[in-house]
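Presented below is the structure to which this report refers.
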Amino acid sequence: TGHMVLEETLLSQITSNAAVMPHYEFFHVPGMDWLGRHIDPPTTPLQVASVAQQLGRRRVLSETFALTGWNVSFEELKWMFEWQMVRGVTLLCQHLEGYSLRGIRKRDYPPSLFFQQPWWEEYRAFNDAMSRIGMLLSVGEPCVEVLVVHPQSSAWLDFDQGANRGLRERNEAFLGLTRALEAAHVPFHYGDERILRRHGEVVADRLRVGQCRYAVVVVPPVSTLARETAILLRDFALAGGALVWCGVRHPCLIDGAEDPLAGELAGHGVAVGQAAEVTGALPASVRRLRVLAATGQDDPGRIAVTERSFAGDVGGHVFRMVYLVNSDTAKVVETTVSVPGRSACRFVMETGETVPIAFAADGDGGIALPWRFEPAGSLVLFVSDEPDMWPAAAASAATPRPLAERELAGPWDLDVCDLNALTLDVCDISFDGERIAEREHVSVVQKRALDLGHPVDIALRFEVETVPGWVPPPDCALVLEQPERWTVTVNATRLAGRVSGWYRDTSFRRLELEGTLREGRNEIVLETRFAQSARVYENLRRASAFESEKNKLTYDAEVEAVYLVGPFGVLTPGTAAPLPRGALRYEGPFLLGELPRRVEPGNLTLQGLPFFNGTVRLRRRIELDEDGARCRTFVFRRLAGHVLRLRVNGTEAGRWLWRPFQADLTGLLRPGENLLELELTGGLRNLLGPHHLEEGESYAVAPGSFFKEPNIWGSRPWNDAYCFVDFGVGF
């Protein structure tokens, strides 16, 4: 297994692989790669899944989630992976689970989705949900009757390693056709010409490619076709297959040269001018599923669909699976889904259960069901031709009322369940006893030391200040990597070096401060002899030339930020401004003080917890009369974190990793006083950063995102102020 590189566009494939699809035939588990917190273009998963399904490969792997950053939420992970699964990916290969975050490893295209994360115990819920869908997609038989000829051969003719005239337009036309078919909810495959040559033949009125049979073939704008492809298309049309030309009536060249066969193809099939017209030229038999908006018209939104058929594979039942995914992260889509069949139920990916769903006959021999797609939401239907297979859900007797905003708004009591933290990443720097920088970011130290080319004595001086009148508790600790390499002095007292376990990562060692912190200004000095072997310098030279060498680069010693942890608050008396992507930029000092006891729950970051990572508990007591306690739901608007749990009067009432953000409180509320407890868990972003990117929160976090000055890993535009992400619950 594995993946090709640069799968996304016609041009990127030419410059790296010539074409990616022919390679997938020779993988046992063909795979792809997906980098960053985004979706698009859909060609990447569709290419690999098409070959896999054509050649009977049940599993399609995706190495995914690299560069998404330490703040990527479970809802975003689900959004990105469901976008891939509905296009044929079945097997999740997370990037990455780092055995250690020591040194450069914490910047290895984060996040590490592993034990370091405060939400690690909840991660199984995400993986189980994705694995259930992946299993069903793998076991079921694809229901695809439309083949789109891939235009990679024509792209070769456009390529001249210069202007590449026409290549961008060809790629856009190919993408336009792909999007038009997806918007019409028509499942389809791509047909690579090398795969067609090896595995394609006309059988009756179908084009068979490996294990798949297609009733319709659509050809995007092409300037050339392989001779074998042209013959297949001609014979397919003569046998009664539906051939649709999009943008051109036929290719002008065969195998890159003039040939009478190109003109012969002009007499076969139908031609449409634009991609948007293609769906109107398709036979009704391949447009079996419709997603109607509230207006009754076909919804042109971002809902993609795939289908699988099961003939006794699951529980001995014969049925179809219809999997629909809304890839819009902001838009709620109210729809009516119309599918062929006589009965249906909903498969719940979070639990593996099937539950009744409301449906009725649609007048065309199928059934119609209303469904509200949450942003980044999905729906898995099991559909049967047997009318009594799954009875429709009964109408609800009463409509529950959500708890009012006035009952939830305002301050909540706060309990901090994990140690708070203060990241120390700005210091005075001395080399061999000479001060070379003041109040400089620690990321510059290692590169400047390496540039010397010889060992150097390094001293880093950090300052920590408290609010007036507040004395830090004695059970605070300094967290640093490789403590055996450092001499640590706090307020002129050299620490005994007593290491007591680790914090978050096994290489983040706790050094007890033994009551050395005091009210006012504190000075922490770290000293070490920084030296690298000749091997490291040689590897650095090689890494500057080859990416594969850089990816395996390690150092004998590294200089990193350190962390102060303990039962304290971190006050932020400076100025803050909102940033896009749920972030803010803070400029000013950080002062140690008391933890807050009462907070506004919407965003806790600047309420004493700017670097916090872990779990907090929010408590609120509300008074309800008898009517107010009856038939209620708990609803919230926004989750700025990874996991939220709700307990009502001591009983667990809900857990959320993604939307919909609501819970039924039937039987949990009572007249009089009620206790609501919210347990919110966040990740490592505000501890580890990157804190200083000019853009703020990044959706493409690479090693260079963490460095102020250019080095082997690169750098990005910098801002000395701190960027934090929100942490809280919005009602």
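The values are calculated or read from the model by the stated rules, or taken from the named source; none is laboratory data. These figures come from a predicted structure and were not determined experimentally. All Cβ positions, glycine included, derive from the backbone under ideal geometry; neighbour counts span all protein chains shown. Surface areas here come from the heavy atoms of the whole protein model, side chains and all, with no ligands, DNA or RNA. Shrake-Rupley method; radii C 1.70, N 1.55, O 1.52, S 1.80 Å.
Couplings 3J(HN,Hα) of the range 692-708, computed from phi: 10, 6, 4, 6, x, 6, 9, 9, 9, 8, 10, x, x, 5, 9, 10, 6 Hz, in residue order, whole Hz [Karplus 6.51 cos²θ - 1.76 cosθ + 1.60, θ = phi - 60°; x for Gly and Pro].
In the chain, the DSSP-assigned H stretches of four residues or longer account for a calculated mean residue ellipticity at 222 nm of -5000 deg cm²/dmol, using -39500 (n - 2.57) per stretch and the full residue count as denominator. What residues from the range 613-631 fall in the zone where the backbone N is under 20 Å from a label point 7 Å along the Cα-to-C-beta line of Glu122? The answer is 613-620.
Straight-distance candidates among the lysines for linking to Lys550, with alpha-carbon spacing under 24 Å and chain neighbours fewer than 8 residues away dropped: Lys106, Lys447, Lys708.
Each Lys or Arg adds one and each Asp or Glu takes one away; over the other residues whose Cβ falls under 12 Å from the Cβ of Arg198, this sums to -3. With all protein chains kept in place, the per residue accessible area of the range 276-389 amounts to 44 square angstrom at a probe of 1.4 angstrom. Residues of the range 164-183 with the amide nitrogen closer than 19 Å to a label point 7 Å from the Cα of Gln274, along Cα-to-Cβ, please. Those under the cut-off are 169-183. Between the range 34-75 and the range 158-179, the alpha-carbon centres lie 22 Å apart.
For the range 212-220, 3J(HN,Hα) computed residue by residue from phi via the Karplus equation (6.51, -1.76, 1.60; θ = phi - 60°) reads 9, 10, 10, 8, 9, 10, 10, 10, x Hz, glycine and proline entered as x. Which shape class applies to the range 637-723: rounded if a/c is under 1.5, otherwise prolate when a/b exceeds b/c and oblate if not, where a ≥ b ≥ c are the square roots of the Cα gyration tensor eigenvalues? It is prolate, given that a/c is not under 1.5 and a/b is the larger ratio.
If packing is taken as the average number of other Cβ atoms within 10 Å across a peptide's residues, how do 434-440, 552-558, 239-245 rank, most packed first?
Top of the packing list down: 239-245, 552-558, 434-440.
Relative contact order for the chain: 12 percent, from Cα pairs under 8 Å spaced at least 6 residues apart, divided by residue count. Compare the Cα positions of Leu232, His692, Gly410 along the charge dipole of the chain (+1 at Cβ of Lys, Arg; -1 at Cβ of Asp, Glu; about the Cα centre) and return the one farthest towards the positive end. Looking along the dipole axis, the top candidate is Leu232. Mean projected area of the Cα convex hull of the range 1-135, taken over all directions, amounts to 8.4 nm². Between the helical axis of 74-85 and the longest alpha-carbon principal axis of the chain there is an angle of about 20 degrees.
Divided by 2.2 N^0.38 Å, where N counts the residues, the Cα radius of gyration of the range 574-640 comes to 1.52. Of the GluC sites (Glu not before Pro) found in the range 284-378, those in coil by DSSP whose Cβ has at most 14 other Cβ atoms within 10 Å are Glu350.
Enter the accessible area of Leu460 (Å², nearest 10), with the probe set to 1.4 Å and all protein chains included. Here the residue's solvent-accessible area equals roughly 0 Å².
The range 433-503 and the range 282-361 have Cα centres spaced 58 Å apart. Cα centroids of the range 580-654 and the range 191-237: 57 Å apart. When you restrict to C-alpha pairs under 8 Å that are six or more residues apart and normalise by the size of the range 550-708, the relative contact order lands at 23 percent. In sequence order, the range 3-12 has phi-based couplings of 8, 7, 9, 6, 7, 6, 10, 4, 5, 5 Hz under the Karplus curve 6.51 cos²θ - 1.76 cosθ + 1.60, θ = phi - 60°, and Gly or Pro positions carry x. Our estimate of slack between Trp718 and Phe115, defined as 0.36 nm per intervening residue step minus the Cα-Cα distance, is 214.1 nm.
Calculate, in nm to one decimal, what Asp627 and Asp556 gain on full extension: separation in residues at 0.36 nm each, minus their alpha carbon distance. In short, 18.7 nm is gained.
Using a 1.4 Å probe on the protein chains only, how many percent of the accessible area of the range 576-621 belongs to carbon and sulfur?
Numbers: 980 of 1950 Å².
The nonpolar share, carbon plus sulfur, comes to 51 percent.
Fully extending the segment from Val332 to Tyr699 would add 129.8 nm, taking 0.36 nm per residue of separation and subtracting the current Cα-Cα distance. In this structure the range 649-721 gives 37 Å² per residue of accessible area when probed at 1.4 Å with all protein chains present. Kindly identify the range 74-184 as rounded, prolate or oblate by the Cα gyration tensor criterion: order the square roots of the eigenvalues as a ≥ b ≥ c, call it rounded if a/c is under 1.5, otherwise compare a/b with b/c, prolate if a/b is larger, else oblate. Oblate, since a/c reaches 1.5 and b/c is not below a/b. Here the ratio of the Cα radius of gyration of the chain to 2.2 N^0.38 Å is 1.10. Rounded, prolate or oblate: pick one for the range 519-646, where a ≥ b ≥ c are the square roots of the eigenvalues of its C-alpha gyration tensor, a/c under 1.5 means rounded, and failing that, prolate if a/b is larger than b/c, else oblate. Prolate shape, in that a/c is at least 1.5 and a/b is the bigger ratio.
Per residue, the range 61-149 exposes 28 Å² of accessible surface when a 1.4 Å probe is rolled over the protein heavy atoms with every protein chain present.
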